[in-house]
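Read-outs: derived from the displayed coordinates by stated rules, not from any lab. Quick caveat: nothing in here was measured; it's all calculated off a predicted structure. Please note: Cβ atoms are built from the backbone with ideal geometry, for glycine as well, and neighbour counts cover all protein chains shown.
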Amino acid sequence: MRSWKLLPEPEKLTELYFTNPNSLPTKYTPGQPQTVGFTVHNLEYATTDYKYKIIETSQDGSQSQTLASGSFGLLQNGYKKEAVNISTVDLGSHVKLEVDLENVNESIDYLLQREGA
């Protein structure tokens with residue numbers, strides 16, 4: 001019956017979230033290190049390779065800078081916690097920091113204000 005597609009197929013997805021969302025910074029100083037902590041949960045019903053980028057973008061979206069990138073594999077129903085050290089660049093008084101999982105089209109972000117702005 002499954003081969004005839006008469007039974008519903010399980011939904012394939014990846015969960016991406018900040019590991020400690022209540023402790024995300026609200027301010028940044030260009031060049032000063034920060035740690036971005038995020039978690040990935042594989043519900044794709046297969047071992048999946050994930051490629052991530054951490055991107056800083058100016059408030060108007062006209063400038064962006066990739067601050068870090070990496071990759072890892074996860075078994076079905078596996079979790080991976082990443083703590084990535086980055087150094088922000090000066091892209092204006094307000095910026096967006098985004099974690100992007102390129103190959104599964106998932107992303108999360110938060111906003112930062114430059115210290116003293």
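With neighbour counts taken as other beta-carbon atoms within 10 Å, the residues 40, 95, 104 rank, fewest first, as 104, 40, 95. For segment 9-117, a simple Cβ point-charge model (Lys and Arg +1, Asp and Glu -1, everything else neutral) yields a dipole of about 340 debye relative to the Cα centre. In the chain, Cα pairs under 8 Å separated by at least six residues give a relative contact order of 31 percent. Between residue 109 and residue 81, the FRET efficiency from the beta-carbon distance, with R0 = 22 Å, is close to 0.75.
The lysines within cross-link reach of residue 5, meaning a Cα-to-Cα straight distance under 16 Å and a gap of 8 or more places when in the same chain, come to none at all. Simple spin-label estimate for residue 18 and residue 69 gives 2.4 nm between the two label positions (7 Å along the Cα-to-Cβ direction from each Cα). What whole number of Å gives the distance from the Cα centroid of segment 12-39 to the Cα centroid of segment 69-87? A separation of 13 Å, based on Cα centres. Between residue 7 and residue 27, the C-beta separation translates, for a Förster distance of 41 Å, into a calculated FRET efficiency of about 0.20.
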